[in-house]
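Report on the structure given below.
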Amino acid sequence: MGNDFACNVVVEMVVFIGDTHGSLTIDKLRKLKEECDSGVRHMTKKDFVLICGDFGLLWNYKWTGRHVDSNPKDQCWNEEEIALLEWYENCPWTTLVVLGNHENYDRWQTYPISEWHGGRVQKVSDSIIRLMNGEIYEIEGHTYFCMGGAMSTDRGYATGTEKYDIHKWWWPEEIPSSDEWENAYNHLDEADWKVDFIVTHDVPAYVMMQPELARLCYRASEMGNLLEMIRMNTDFIHWFCGHLHIDRHYGKVSVLYHDIVDVEDFLGENLWQF
């Protein structure tokens with residue numbers, strides 16, 4: 001596994017797992033775009049790159065008076081964000097995201113909600129689409145259950161006081177609300193707790209129990225325990241998540257940061273064995 005791609009392969013769906021943090025750790029996507037531009041990889045706007053949290057495009061909290069066409073209510077766009085938006089618009093694929101814990105939720109809450117592929121979404125543009133918590137989407141004949149969010153471990157890092165940094169460095173909405181969990185359980189009930197793929201930012205507690213992570217004093221969060229309940233009770237093919245800034249594969253759960261993987265590699269005869 002890794003970032004290598006076969007030449008001239010037509011891709012139906014690309015799953016990219018890993019935090020981009022605005023433009024801070026986006027080099028892996030820049031490499032993918034370079035491969036598309038050079039003809040090594042063929043993608044169109046009908047193909048999808050899915051970022052599993054800490055997308056970070058909407059981050060600035062100060063008013064600038066600038067907004068995008070899809071949402072005049074969000075007038076906090078700064079020059080760096082506009083440049084990054086234009087970069088994504090020029091990518092040959094459509095970017096899908098679940099949100100993580102490094103997102104400006106105040107700004108996201110101003111974006112209108114619409115229906116897309118069977119679930120609710122928010123669109124920054126036709127090329128950048130947020131998949132919302134607890135929703136199930138049907139994409140290319142497969143179902144995807146999505147649940148973003150995680151607790152920030154760096155609250156108060158910027159100023160040293162957690163309270164002062166609320167709505168500037170971290171947002172309470174980074175933890176899914178009870179309504180969002182109820183939405184998740186209702187959709188899983190409707191699907192008889194069977195989906196093809198699960199996409200989250202945080203990791204299920206099972207991951208934190210792995211010896212190599214336990215030695216590093218990683219501990220499962222409350223959200224991780226709730227995700228573990230979903231892992232134990234849901235019939236699924238594979239789970240993709242981010243958050244830990246590592247690339248590891250634990251059975252049917254992949255935690256990715258730099259790696260880019262194709263969803264097709266987890267289907268049928270192509271299913272990877274870990």
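Observations on the model:
- Pairing residues of the stretch 73-88 that are β-branched (Val, Ile, Thr) with residues that are buried (at least 19 other Cβ atoms within 10 Å of the Cβ), at Cβ distances under 6 Å and at least 6 apart in sequence or on separate chains, gives no pairs at all.
- Of the residues making up the stretch 38-59, those that are surrounded by fewer than 17 Cβ atoms within 10 Å (Cβ to Cβ) and in contact (Cβ under 8 Å) with a residue 40 or more places away in the chain are Thr44, Lys45, Lys46.
- The stretch 67-81, residues that are in contact with a helix residue (DSSP H, G or I) (Cβ under 8 Å, 6 or more places away or on another chain) and modelled with pLDDT under 95: Val68
The values are calculated or read from the model by the stated rules, or taken from the named source; none is laboratory data. Remember, it's a predicted structure, so these values are computed and weren't measured experimentally. With ideal geometry, Cβ positions are generated from the backbone for all residues, glycine too; neighbour counts draw on all protein chains shown.
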